[in-house]
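Structure first, then comments.
The values are calculated or read from the model by the stated rules, or taken from the named source; none is laboratory data. Note that the coordinates shown come from a computational prediction; the quantities given were computed from them, not determined experimentally. Virtual Cβ from ideal backbone geometry, glycine too; neighbours counted across all protein chains shown.
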Amino acid sequence: MPMDRDYIDCIEDRIVARAVEGLLDGMAPRPQVHFILEDQPEPHVGYVLSRPYYEGADAHAAIAGLGRAAAALCATQIVVLWEECDLRASLVGPGDHPDSLVTVEATFDGHLLTSRPYQPVFGPVGPLGVPTVIPHWGRASQYPDAQLPVPIADLLTTWHTQLTRLDPSNELRSMQASGYEFRWFVYD
């Protein structure tokens, strides 16, 4: 049974706020998957950031590989976040790609894509040595069961088909050795 809509909205708000902080420093967020385990007292247990990748097939493999962590943890629901322009450039190279922070809230029965388009206004060079980005937001739109970029669709397929087949300790250790970064939440 999917989590309460207000709970998921709160998680997405925190994820997007963190991504906006990165934009303000001039950095697009790395594709990431947030784990929801409904049987836990605090279901949002943590997330994984994609490993570094090269343009093209390696980007596809790295992003789709995020589904392995969700499967190994037997996540009952996930929230995926990426920056659309960055994702498309990673897959097909530079171009006139739209700027948007995108989340997908997924259950085993379907998904809801939320697109938050923005116009980037570039500011001075920030502490990371790159121009800062101030997003001027457009209207957010939601699309139930929308067509997804291929690596995101593959991520969901991996999560669905490999659930309970992967050993969590081996899979997460292997992913970490490959460069995926995990963040776990500790609640009092």
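Restricting 138, 123 to those that are among the small types (Gly, Ala, Ser) and over 23 Å from residue 14 (Cβ atoms) reduces the list to 123. The single residue among 80, 33, 20, 48 that is modelled with pLDDT under 95 and in contact with a strand residue (DSSP E or B) (Cβ under 8 Å, 6 or more places away or on another chain) turns out to be 20. Listed by position, the helices (runs of 4 or more DSSP H) enclosed by region 74-187 that each have at least 1 residues that are more than 23 Å from residue 28 (Cβ to Cβ) and not basic (Lys, Arg) are 150-162, 168-177. Residues that are within 11 Å of the chain's Cα centre (by Cα) and at pLDDT 95 or above: does region 65-72 have at least one? Among the residues of region 65-72, at least one is within 11 Å of the chain's Cα centre (by Cα) and at pLDDT 95 or above, which makes the answer yes.
Quick grid of which residues meet (1) in contact (Cβ under 8 Å) with a residue 12 or more places away in the chain; (2) part of a helix (DSSP H, G or I):
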position	(1), (2)
10	no, yes
14	no, yes
23	yes, yes
29	yes, no
34	yes, no
51	yes, no
55	yes, no
62	yes, yes
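Restricting attention to region 41-63, the residues that are within 25 Å of residue 107 (Cβ to Cβ), surrounded by 13 or more Cβ atoms within 10 Å (Cβ to Cβ) and not aliphatic (A, V, I, L, M) add up to 6. Within region 119-152, if we keep just the residues that are in contact (Cβ under 8 Å) with a residue 60 or more places away in the chain and crowded, with 18+ Cβ neighbours inside 10 Å, the residue that is farthest from residue 88 (Cα to Cα) turns out to be 132.
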